[in-house]
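The values are calculated or read from the model by the stated rules, or taken from the named source; none is laboratory data. Since the model is a prediction, treat every value here as computed from it, not as a measurement. Here Cβ is always computed from backbone atoms with ideal geometry, including for glycine, and neighbour counts include all displayed protein chains.
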């Protein structure tokens with residue numbers, strides 16, 4: 001029996017990680033448990049790649065829940081820069097201070113010093129993660145980094161290797177203790193070697209059918225064994241269609257099972273699959289292809 | 001089942017040997033990662049084979065392809081015992097035959113003196129003793145010709161750049177960036193002495209190049225490799241895949257080397273590639289093995305004469321899917337600018353409906369205007 005502790009620093013074995021995540025209904029395989037364990041022990045960021053909907057973001061949430069730590073999320077997008085990710089100055093407040101200063105006596109130097117202090121600093125997710133001082137190591141989730149520009153990866157290098165940020169006006173801010181960093185990517189583009197070198201790596205693939213049934217039953221407890229198996233069999237069949245633009249992930253499986261329960265269904269038939277196909281396929285061409293090929297009618301086959 | 005591993009004092013030596021094997025198989029492992037693996041073994045409460053294996057993958061691999069190589073190397077290493085001097089691994093394989101065949105990135109490139117190639121010309125087949133005896137020459141083109149192709153490649157890059165992105169950059173003539181103007185004013189005591197302007201940054205061209213290295217392309221190898229090299233060099237995120245009867249990624253061989261070394265490295269990497277072309281199955285293999293390579297901004301450049309030993313409909317079908325996933329598809333045929341050219345090869349005929357532009361290598365030379373060749377076969381709209 002492994003000792004259960006709150007902080008990721010104190011996970012004693014990869015098996016303890018697996019157990020702690022399982023308690024949060026996240027079923028990790030041994031390789032992923034090992035990656036999480038080593039990321040915690042070595043204070044290295046964990047880079048997760050894989051198809052959308054395979055549980056990359058959920059892993060960060062599960063780690064945060066298991067360690068009762070704050071989850072600080074940075075959702076990446078094209079054009080993301082230091083002002084959105086790291087810090088910014090509160091310009092309206094600075095302007096107001098300057099205007100007030102015009103009616104008071106005081107030197108220009110003292111004004112400059114005043115408006116570039118922490119009072120005027122807006123902390124964005126990366127800086128917040130470094131300064132977080134809660135009881136447990138915060139979990140910093142940098143989600144879908146492949147959506148951000150390559151230049152943003154350069155910005156991350158200092159943060160991820162030394163867990164520090166240099167603000168010209170204030171100096172270098174170092175983390176009291178490194179956050180547990182999870183970076184996710186859907187592999188829409190390659191990440192730079194420099195970033196990869198700083199991370200431990202794990203590829204989150206689609207689960208096997210048996211594994212997916214376990215996940216489904218853990219995440220949707222009210223789903224029956226037979227319905228879970230039927231749902232998973234159909235989803236796995238869909239994933240075998242290589243022409244689909246977007247193959248359904250585990251998240252779609254869970255959504256679909258939840259939808260079927262909401263419709264009070266305990267078994268699958270072509271009619272209900274047809275009505276709820278939108279839970280699984282998110283591209284009009286994919287839905288059309290599934291109908292044209294009669295995939296809907298393979299339920300229970 | 002867990003297999004006991006050697007005592008800790010012996011473990012580091014085994015680890016270094018193991019990392020050497022992983023490097024031999026084409027995975028780029030820095031000293032930092034090697035140290036990380038040693039640290040990982042230290043923080044594990046008990047180091048048994050399963051833990052060592054999982055930790056090796058987590059620390060050394062940086063892609064699913066590399067993970068497969070690390071796992072295989074691990075199993076081979078610990079099944080076969082320690083590496084002996086002078087032999088790559090088990091003593092049963094030559095280094096050439098243990099070199100990666102399906103690895104997507106960072107293949108170990110043998111140094112020039114490891115090949116028997118005469119100066120200036122590298123011969124496919126000279127590296128691996130198991131490779132077919134007859135190789136094809138891959139001769140570097142003269143520097144002036146290469147520079148000319150490079151200029152053409154830059155012109156092609158500008159032409160294929162995707163639409164302006166959402167990201168904006170400083171510009172003299174763009175719209176006023178209010179926030180940046182305020183920030184600039186702060187540095188001048190709150191006085192607005194100048195306006196900061198910005199404009200959308202033009203999207204970059206991202207090339208994915210599929211290069212046919214089959215027997216029918218031999219006489220064009222030198223020129224087309226120079227073109228492929230130029231295209232890779234002018235794009236920051238190009239990926240290059242060579243194919244004949246299977247697909248091999250050669251991006252790293254090109255990216256990490258100057259032109260002449262890249263010529264030798266690619267020729268060595270493709271030592272066993274010879275014979276016929278199966279374009280359709282290769283495109284399908286590319287689609288399956290590298291699903292994330294193509295995106296909305298990707299320009300897929302297929303460099304091939306279209307001689308296909310496989311069923312042409314498979315080629316058309318595979319290219320249709322690839323076109324659906326990319327920004328545009330450009331086919332470069334070595335014969336496209338020859339007088340009297342008409343697309344007659346079954347492969348090219350099947351491909352053209354799903355091709356946005358047909359070009360010849362001459363189009364990338366500076367004296368030619370870059371304009372696509374009009375053919376009757378290209379009647380299907382490019383976007384699906």
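The single residue among B:27, B:70, B:59, B:31 that is within 21 Å of residue A:191 (Cα to Cα) and modelled with pLDDT under 85 turns out to be B:27.
I need a count of the residues in the stretch B:53-66 that are closer than 17 Å to residue B:17 by Cα and either surrounded by fewer than 24 Cβ atoms within 10 Å (Cβ to Cβ) or facing another protein chain (nearest Cβ under 7 Å) (or both).
Here the count works out to 5.
Taken over the stretch B:40-52, the criterion of being at the interface with chain A (Cβ under 7 Å from one of its Cβ atoms) and touching a helix residue (DSSP H, G or I) at 6+ places or on another chain (Cβ under 6 Å) is satisfied by B:40, B:43. State whether one or more residues within the stretch A:198-210 are outside any loop (DSSP other than H, G, I, E, B), in contact with a helix residue (DSSP H, G or I) (Cβ under 9 Å, 6 or more places away or on another chain) and farther than 30 Å from residue A:148 by Cα. The answer is yes, given that some residue of the stretch A:198-210 is outside any loop (DSSP other than H, G, I, E, B), in contact with a helix residue (DSSP H, G or I) (Cβ under 9 Å, 6 or more places away or on another chain) and farther than 30 Å from residue A:148 by Cα.
Could you please find all residues in the stretch B:165-185 being modelled with pLDDT under 80 and within 12 Å of chain A (Cβ to nearest Cβ)? Those that are modelled with pLDDT under 80 and within 12 Å of chain A (Cβ to nearest Cβ): B:165, B:166, B:167, B:168, B:169.
Taking the conditions (1) over 25 Å from residue B:318 (Cβ atoms); (2) out of contact with any strand residue (DSSP E or B) (no Cβ under 7 Å at 6 or more places or on another chain); (3) within 14 Å of another protein chain (Cβ to nearest Cβ) in turn, residue A:258 satisfies each one other than (3). The single condition among (1) in the same structural domain as residue A:148 (by TED's automatic domain parsing); (2) at pLDDT below 90 that residue A:107 does not satisfy is (1).
Evaluated against (1) touching a helix residue (DSSP H, G or I) at 6+ places or on another chain (Cβ under 9 Å); (2) in contact (Cβ under 8 Å) with a residue 24 or more places away in the chain, residue B:168 falls short on exactly one condition, (1). Residue count for the stretch B:121-152 under the criterion of being in contact with a strand residue (DSSP E or B) (Cβ under 9 Å, 6 or more places away or on another chain) and modelled with pLDDT of 50 or more: the result is 4. Every test in (1) surrounded by fewer than 19 Cβ atoms within 10 Å (Cβ to Cβ); (2) closer than 23 Å to residue B:64 by Cα is passed by residue A:103 save one, and that test is (2). Test residue A:168 against the stated conditions and say whether it is out of contact with any helix residue (DSSP H, G or I) (no Cβ under 6 Å at 6 or more places or on another chain), within 13 Å of chain B (Cβ to nearest Cβ) and either surrounded by 18 or more Cβ atoms within 10 Å (Cβ to Cβ) or farther than 30 Å from residue B:291 by Cα (or both). Here the answer is yes, as residue A:168 does meet what is asked.
Let's see how each residue does on (1) exposed (fewer than 15 other Cβ atoms within 10 Å of the Cβ); (2) modelled with pLDDT of 90 or more; (3) farther than 28 Å from residue A:10 by Cα:
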position	(1), (2), (3)
A:113	yes, no, yes
A:127	no, yes, no
A:135	yes, no, no
A:143	no, yes, no
A:147	no, no, yes
A:151	yes, no, yes
A:163	no, yes, no
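Out of the residues in the stretch A:9-23 meeting the condition of being within 17 Å of residue A:64 (Cβ to Cβ) and buried (at least 17 other Cβ atoms within 10 Å of the Cβ), tell me which one is modelled with the lowest pLDDT. Across the stretch A:9-23, the extreme among qualifying residues is A:11. Filtering the stretch A:232-241 to residues that are farther than 16 Å from residue A:288 by Cβ, in contact with a helix residue (DSSP H, G or I) (Cβ under 9 Å, 6 or more places away or on another chain) and surrounded by fewer than 20 Cβ atoms within 10 Å (Cβ to Cβ) leaves A:233, A:236, A:237. Within the set A:229, A:219, A:197, the sole residue that is touching a residue at least 60 places away in the same chain (Cβ under 8 Å) and either in the same structural domain as residue A:28 (by TED's automatic domain parsing) or buried (at least 16 other Cβ atoms within 10 Å of the Cβ) (or both) turns out to be A:219. Looking across A:225, A:241, A:214, one residue alone is under 22 Å from the mean Cα position of the chain (by Cα) and either more than 14 Å from every other protein chain (Cβ to nearest Cβ) or modelled with pLDDT under 90 (or both). It is A:214.
For the stretch B:317-333, how many residues are away from chain A (no Cβ under 14 Å) and either assigned to a strand (DSSP E or B) or at pLDDT below 90 (or both)?
Adding up the residues that qualify gives 5.
The residues of the stretch B:357-384 that are surrounded by fewer than 21 Cβ atoms within 10 Å (Cβ to Cβ) and at pLDDT 80 or above, listed by number, are B:360, B:362, B:365.
Among the residues of the stretch A:242-259, the ones that are buried (at least 16 other Cβ atoms within 10 Å of the Cβ) and in contact with a helix residue (DSSP H, G or I) (Cβ under 7 Å, 6 or more places away or on another chain) come to 11 in all.
Of the residues making up the stretch B:290-315, those that are in a helix (DSSP H, G or I) and away from chain A (no Cβ under 14 Å) are B:312, B:313, B:315.
Reported count of residues in the stretch A:269-295, each being in a loop (DSSP other than H, G, I, E, B) and modelled with pLDDT of 90 or more, is 2.
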